[in-house]
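Shown next, in C-alpha cells, is the structure this report addresses.
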Amino acid sequence: MTSIQDVKEYDEPSFAAALICCSGVLAIIITSVFLFEIELHLALTLALIWTAFNAALLGFHFRDTKELMNDGIIAAVGAIYIFMLIGVVIAALIESGTIAGIIVYALGVVDPRWFLPASLLLCSFMSMATGTSWGTVGTAGVVLVGLGEFIGIPVPIVAGAVISGALFGDKMSPLSDTTILAATAVGTDVDQHIRAMFYTTGPAYLLTLIVFGIMSFSYGDVVLSLDEIDALREPLLEQFSINVLVFLPLLVIISMSFMRMAAEPSMMAGTVVAVVLAMYLQDREFSDILYSLQYGFVSDSGIESVDTLLTRGGLQSMMWTLSLALIALALGGILNGAGFLKILVKGLINRIKTATQLVASTIATCMLANMSMGENYLAVIFGSRIYKDTYAERGLHPRMLSRCVEEGATLSAGLIPWTTTGAFFSAALGVSTIQYAPWVLLSSFNIVISIGLAAIGKGIFTKDQP
C-alpha cells in the first residue's frame with residue numbers, strides 16, 4: 001500500500017516533538033497499567049489517541065492518520081492469520097488426544113531434576129529445525145507447561161525455559177524468517193549473520209542452560225509416586241483413547257515445517273488430521289469438534305490440574321490477543337509513518353561516540369520499535385534501515401548490525417505484553433507476559449553479553465574481516 005506521505009508533504013517532527021510524543025506513549029502505557037491498573041487495551045487506546053493528537057499538530061488530517069494506522073496493521077497481517085489459526089490448532093490437538101497422549105507417555109519418564117534444561121533443549125531443537133518460535137511455543141510449549149505444573153514447577157519458570165529455547169532456535173536457524181529478514185535488510189548473507197550471533201548468543205545460551213539446570217535440581221525432591229501418576233493418567237485415559245496415532249497431527253505440522261512449508265498450511269493440515277482422529281479415534285461428534293474449534297475444548301475430568309491444562313484453545317480464545325495486537329499495530333503505524341520514531345532515533349545516533357554506545361543504542365532502538373510498533377518484523381526493518389549508514393561510516397561489517405538488530409528486536413518482542421509475539425506467547429501458554437518475562441533468561445543474558453563484549457572490544461566485526 002502506498003503510504004500517505006508519498007502523496008502529500010507534511011512537516012517532520014522536531015527532535016523535541018518526537019521525544020515528547022514517544023515518551024508520552026510509554027508514560028501513558030506504564031502509568032495506566034501499573035499505577036492505575038487500567039486494562040491494557042484501554043491503555044494502548046489512550047496512547048493511540050495521544051499519538052494521533054501529536055500527528056494532527058504536524059498537519060495530518062484524520063483520514064491521513066487513519067491511513068497510517070491501516071499501514072501499520074497491513075504490514076503485520078501475516079501474524080494476524082497465525083493468531084487466528086493457533087487457537088484452532090490447540091483445540092484440535094486436544095480433541096484428537098494428541099496433548100493427552102504426550103502427557104500420558106511422558107508422566108512415567110519425567111525427572112524433575114532435569115525438566116527445565118530438557119525443556120530448553122527440546123524447544124531449541126524444535127525451533128531450530130522448523131525456524132519458528134511461535135510454532136514451538138504453541139505446540140511443545142503448551143505440553144511442557146502442563147507437565148511442569150503437574151510436577152510442581154511454577155508455570156512462569158517453565159514458560160521462561162520454553163520461550164528461551166524457542167527464541168534461541170528461531171534466532172540461530174537458517175530457516176527462520178526473522179533471521180533471513182535481518183541478514184537481507186542489512187546486506188549480508190545468512191551464514192555470516194548466524195556466525196556473528198554465536199559470539200553473543202552462544203555464551204548466553206550456555207549460561208541459560210546452566211542456570212535452568214541449577215534451578216531444576218531444586219525441584220529434585222518432587223518425585224511423583226505411582227499413585228500420583230495414576231491419578232493424573234486415569235482421567236486422561238477416561239476422556240481419550242490413547243495410542244501412537246494421536247501423535248500424527250503433530251508429526252504432520254513438524255514435517256511440513258521441515259519441508260519449508262509456510263506456517264498457515266502446516267497448521268491447517270495438522271488441524272484437518274486432528275479433526276479426523278477426533279471423529280474416528282475419540283468418537284467425537286463433528287458438531288462438538290467444531291464447537292471446540294470455535295470456543296475451545298472444555299475438560300470435565302474433575303481433576304483441577306487436568307481440567308486447567310485441557311480447557312483451552314479455540315478461535316475465540318485468541319480474540320483478546322488479536323484485538324490487543326491490532327491496537328498496538330495501529331499505534332505503531334502512526335509513530336512510524338509520521339516520522340516520530342525516525343527523528344527520535346536519528347537524534348540519538350548523532351550523540352553516539354563509542355562502539356559500546358552504538359551497540360547499546362541499536363539494541364535499545366529495536367526494543368523501542370517493538371514497544372511502539374508492536375511487531376518485531378517491523379522493528380527488524382526499522383533498526384536495519386536507520387543504522388545501516390552509521391555502521392558503514394564507522395567501518396563495521398553489516399553482520400555486526402544484523403546481530404544487534406536481532407538482539408534488540410527478536411529477543412525483546414516476547415517480553416512486551418502488547419507486541420504480537422508477547423501477546424501470542426501469553427495466550428498460548430496461559431501465563432501473563434509480566435509473569436514469565438523475568439524467566440526468559442536467554443534474552444537478558446544475550447543483551448548484557450553483547451553490550452559487555454563491545455565494552456571490552458570483543459566481538460566487533462569490521463568490513464575488512466572475512
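Structure data summary
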read-out: Segments classed as helices (runs of 4 or more DSSP H), wholly inside the stretch 116-181, with at least 1 members that are among the small types (G, A, S), modelled with pLDDT of 85 or more and touching an Asp or Glu at 6+ places or on another chain (Cβ under 8 Å); value: 133-136
read-out: Selection from the stretch 297-311 of residues that are surrounded by fewer than 22 Cβ atoms within 10 Å (Cβ to Cβ) and touching a residue at least 60 places away in the same chain (Cβ under 8 Å); value: S299, S301, G302, I303, S305, T308
read-out: Subset of the stretch 313-367 [under 24 Å from G459 (Cα atoms) and under 21 Å from the mean Cα position of the chain (by Cα)]; value: T362, I363, A364, T365, C366, M367
read-out: Helices (runs of 4 or more DSSP H) wholly inside the stretch 55-114 that include at least 3 residues being more than 30 Å from N243 (Cα to Cα); value: 62-74, 77-95
read-out: Residues of the stretch 167-193 that turn out to be farther than 22 Å from A437 by Cβ and under 15 Å from the mean Cα position of the chain (by Cα), as a count; value: 2
read-out: Residue that is farthest from the chain's Cα centre (by Cα) [pool: residues in the stretch 44-67 that are small (G, A, S) and at pLDDT 90 or above]; value: A56
read-out: Only one of A330, A364 that is buried (at least 23 other Cβ atoms within 10 Å of the Cβ) and either of a type outside the set (D, E, K, R) or over 19 Å from T420 (Cβ atoms) (or both); value: A330
read-out: Helices (runs of 4 or more DSSP H) within the stretch 385-466 that include 2 or more residues out of contact with any Gly (no Cβ under 7 Å at 6 or more places or on another chain), surrounded by fewer than 23 Cβ atoms within 10 Å (Cβ to Cβ) and not small (G, A, S); value: 433-436, 441-455
read-out: Complete set of residues in the stretch 442-466 that are at pLDDT below 90 and of a type outside the set (A, V, I, L, M, F, W, C); value: G457, K458, G459, T462, K463, D464, Q465, P466
read-out: Of residues in the stretch 165-217 being of a type outside the set (S, T, Y), buried (at least 20 other Cβ atoms within 10 Å of the Cβ) and in contact with a Pro (Cβ under 6 Å, 6 or more places away or on another chain), the one nearest to I386 (Cα to Cα); value: V186
read-out: Among the residues listed as I99, I74, I94, I90, the single one being surrounded by fewer than 21 Cβ atoms within 10 Å (Cβ to Cβ) and modelled with pLDDT of 80 or more; value: I74
read-out: The stretch 367-384 residues that are at positive phi, paired with ones that are assigned to a helix (DSSP H, G or I) and not charged (D, E, K, R) (beta carbon under 7 Å, 6 or more apart); value: G374/A325; G374/A328; G374/L329; G374/L331; G374/G332; G374/T420
read-out: G97 out of contact with any Asp or Glu (no Cβ under 8 Å at 6 or more places or on another chain), in contact (Cβ under 8 Å) with a residue 12 or more places away in the chain and on the phi > 0 side of the Ramachandran plot; value: yes
read-out: Neighbours by Cβ (under 7 Å, 6+ apart or cross-chain): first from the stretch 329-346, of a type in the set (D, E, K, R); second outside any helix (DSSP H, G or I) and at pLDDT 90 or above; value: none
read-out: Selection status of T201, closer than 30 Å to L309 by Cα and polar (S, T, N, Q); value: no
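Listed here are the residues, each with its yes/no results for (1) within 23 Å of Y377 (Cβ to Cβ); (2) polar (S, T, N, Q); (3) at pLDDT 90 or above.
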{"site": "D6", "(1), (2), (3)": "yes, no, no"}
{"site": "E12", "(1), (2), (3)": "no, no, no"}
{"site": "S23", "(1), (2), (3)": "no, yes, yes"}
{"site": "A27", "(1), (2), (3)": "no, no, yes"}
{"site": "S32", "(1), (2), (3)": "no, yes, no"}
{"site": "E39", "(1), (2), (3)": "no, no, no"}
{"site": "I80", "(1), (2), (3)": "yes, no, no"}
{"site": "I86", "(1), (2), (3)": "yes, no, no"}
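This table checks each residue for (1) part of a helix (DSSP H, G or I); (2) of a type in the set (A, V, I, L, M, F, W, C); (3) under 30 Å from T45 (Cβ atoms).
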{"residue": "S241", "(1), (2), (3)": "no, no, no"}
{"residue": "L248", "(1), (2), (3)": "yes, yes, no"}
{"residue": "I253", "(1), (2), (3)": "yes, yes, no"}
{"residue": "L277", "(1), (2), (3)": "yes, yes, no"}
{"residue": "L290", "(1), (2), (3)": "yes, yes, no"}
{"residue": "G302", "(1), (2), (3)": "no, no, no"}
{"residue": "T308", "(1), (2), (3)": "yes, no, no"}
{"residue": "Q316", "(1), (2), (3)": "yes, no, yes"}
{"residue": "G333", "(1), (2), (3)": "yes, no, yes"}
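The values are calculated or read from the model by the stated rules, or taken from the named source; none is laboratory data. These figures come from a predicted structure and were not determined experimentally. Note that we place each Cβ from the backbone using ideal geometry, even for glycine, and neighbour counts take in every protein chain shown.
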